[in-house]
Every structure is written in C-alpha cells, then in structure tokens.
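Single-structure report; data block below.
The values are calculated or read from the model by the stated rules, or taken from the named source; none is laboratory data. The shown structure was predicted, so the numbers you read here are calculated from the model rather than taken from an experiment. Note: ideal-geometry Cβ built from the backbone for every residue, glycine included; neighbour counts use all protein chains shown.
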Amino acid sequence: MNNGFAVAVDGPAGAGKSSTTDTVAKRLGIKKINSGSMYRAVALYVLRKGVDIHDEEAVLAQLPNIEIELTDEDVFLNGENVITEIRNPVVDAVVPITSEYLPLRKKMVAKQREYAKTTEVLMEGRDIGYEVFPDAPVRIYLHASAKERANRRYKQNIANGMAADYEQILNKINERDMQDQSRKHGRLLTLEDALAKGYIEVDSSNMSEEETVNAIIAHINAARRKQCFIDSQEG
Ligand code: DC
C-alpha cells in the first residue's frame, strides 16, 4: 500500500503522542504527519463558512473546495497557515462531529497515503495503524493510564497558572476516551483490540518523555533491521 517506510502511532488523547512523535521524527529525520490536524483544518473551514455541522450533506458539499497541505511545522488550508486557529476550543468541539463523515475521512486517508508514497513518514492519529497503513512495518499503540494522563494535565495547568481540578480533568479524559472509542468511523481502538490487530504497545504511564521516545525509536530501528534483512534475502 505504501512504498516508503511508514510508522503508525495511534492512541488516546493526552498520552503524549504529539510531543514524543515530534522528537522521534526529528531524531530519525523522517516526515511527521499529525492526522488530527487535517481533520481540524476541515472543521475550521466549514465553521468559517457557517455550514451546519450536523448536516452531513452540507459539510460534504464543501469537500471539493478544501485543500490541505502539511509541512513538518505547519498546516495549510487552501494556502493559509492555520496552525494556531485549528487549536481553538470551537474547533475542538466541532471536529469530533465532522471527522465522522465517511467521504470526508476517505479524502483525508487518500491524502495521508499519498505522503507515504514519496517519503518515510511517521503518522499519528486514531486509525493510522488499522485503516491508513494496516501493513506498516511499525504500528504502535501509545497510551498511559487515565489517572496518569489526568495527573500530567493537572500539573501542566498548574505550571501554566490555570485553574486545575484533578477529578474534573480525570472525568473529562474518561469521557473523551469513551467518545473516541465509540465512534462509527475512525474510532480509537481499545488496547485489547489494538493488540489483537498486531500493534506494539508502548505504555508511557511510568516513563519519562525521553524513555518513551527511546522506546519508540528502538521499535523503529528493529523494524528497519528486519526490513534490511528481508531486502538482502530477496535481492
Ligand atoms: O488528535 P487530535 O485531538 O488533534 O484530533 C482531532 C480530532 O480528529 C479528534 O476529534 C479525533 C479526530 N481524528 C480522527 O478522527 N482520525 C484521526 N486519524 C485523527 C484524529
């Protein structure tokens, strides 16, 4: 399906996927794609157009007008850099709804596969290892317990001088996991489902970010060695 070497990293929100995979990709010199930012850019577009996001037909009618391009650092929506705007709370609220529409997902998945045709990519998301690149040589399920994710968010909020209520944060994380896992399309797998599909588990609950980065790199290097061995046997 992909000619380049693809690394898929899926897992729940708040497990450190984004920051750890940024570091992994930089250290290995491979392109990093945050698939969530593509769905966010589409949500931003329809929001700006004032489309009723619950009207699937109306949202899908906008698809031909939307072009998204990602660089390592930025997200371009029809040529405009929207990297900051796609993180707005309004987009947070809308994107779980719009990203469920199947033809929209198909357009995003096609674009995601295109990136892997020309270069090595590390792609993070929810459905990368079972939908976008089911045959990727490395498919990682990066997670951490809900309590640990809540703990990290709590400390982050305190450090940023924001209000922080641990129980409230934990409830939100559990709610978000449920929402992500119970979607009809592009759902987040449970750990059990991911393991059954052959993902490698990386549990960062008791790991520092550096340890998590090193664990992912070790899995990638092992897969590269295996690939080299297969290539040498075939060639
Ligand atoms: O990872 P994130 O929070 O930026 O993702 C934004 C939204 O996009 C979230 O609601 C889940 C959705 N998403 C998706 O449906 N499929 C992906 N591969 C990645 C994200």
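Per-residue answers, yes or no, for (1) over 20 Å from K197 (Cα atoms); (2) in contact with a Phe, Trp or Tyr (Cβ under 9 Å, 6 or more places away or on another chain); (3) buried (at least 18 other Cβ atoms within 10 Å of the Cβ); (4) hydrophobic (A, V, I, L, M, F, W, C):
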{"residue": "T118", "(1), (2), (3), (4)": "yes, no, no, no"}
{"residue": "V121", "(1), (2), (3), (4)": "yes, yes, yes, yes"}
{"residue": "G125", "(1), (2), (3), (4)": "no, yes, yes, no"}
{"residue": "G129", "(1), (2), (3), (4)": "no, yes, yes, no"}
{"residue": "P134", "(1), (2), (3), (4)": "no, no, no, no"}
{"residue": "Y141", "(1), (2), (3), (4)": "no, yes, yes, no"}
{"residue": "A146", "(1), (2), (3), (4)": "yes, no, yes, yes"}
{"residue": "I169", "(1), (2), (3), (4)": "yes, yes, yes, yes"}
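Give G4, G29, G36 a once-over and let me know the one that is surrounded by fewer than 24 Cβ atoms within 10 Å (Cβ to Cβ) and on the phi > 0 side of the Ramachandran plot.
Residue meeting the stated conditions: G29.
Check the range 152-170 and report whether any residue there is touching a residue at least 60 places away in the same chain (Cβ under 8 Å), aliphatic (A, V, I, L, M) and outside any loop (DSSP other than H, G, I, E, B). No - not one qualifying residue is present in the range 152-170.
Taking the range 1-12 as the search range and keeping residues that are of a type outside the set (A, V, I, L, M) and under 17 Å from D127 (Cα atoms), which one is farthest from the chain's Cα centre (by Cα)?
Selected residue: N2.
Check the range 13-27 and report whether any residue there is polar (S, T, N, Q), free of Cβ contacts under 8 Å to residues at least 60 places away in the same chain and closer than 26 Å to E120 by Cβ. No, that holds for no residue.
The C-beta contact set for the range 172-197 (first residue over 20 Å from K147 (Cα atoms), second residue among the hydroxyl-bearing types (S, T, Y) and within 14 Å of the ligand (Cβ to nearest atom), distance under 6 angstrom, 6+ apart or interchain) comprises A194/Y141; K197/Y130. In the range 14-25 there is at least one residue that is aliphatic (A, V, I, L, M), away from the ligand (no atom under 15 Å from the Cβ) and surrounded by 13 or more Cβ atoms within 10 Å (Cβ to Cβ). Highlighted here are the helices (runs of 4 or more DSSP H) found entirely within the range 1-82 that include at least 1 residues which are modelled with pLDDT under 95: 17-28.
With respect to the conditions (1) crowded, with 17+ Cβ neighbours inside 10 Å; (2) away from the ligand (no atom under 12 Å from the Cβ), V75 lacks only one, and its number is (2). Cβ-Cβ distances below 7 Å connect the following pairs, each with a first residue in the range 211-235 that is under 24 Å from T23 (Cβ atoms), a second residue that is aliphatic (A, V, I, L, M) and in a helix (DSSP H, G or I), and a separation of six or more residues or different chains: V213/V24; I216/V24; I217/V24; I217/L28; I220/L28.
Remark: L70 falls outside the filter, which requires a residue to be away from the ligand (no atom under 14 Å from the Cβ) and surrounded by 18 or more Cβ atoms within 10 Å (Cβ to Cβ). Among the criteria (1) within 15 Å of the ligand (Cβ to nearest atom); (2) modelled with pLDDT under 95; (3) not in a helix (DSSP H, G or I), the one Y115 does not fulfil is (3). Of the residues making up the range 172-197, those that are in a loop (DSSP other than H, G, I, E, B) and surrounded by fewer than 12 Cβ atoms within 10 Å (Cβ to Cβ) number 2.
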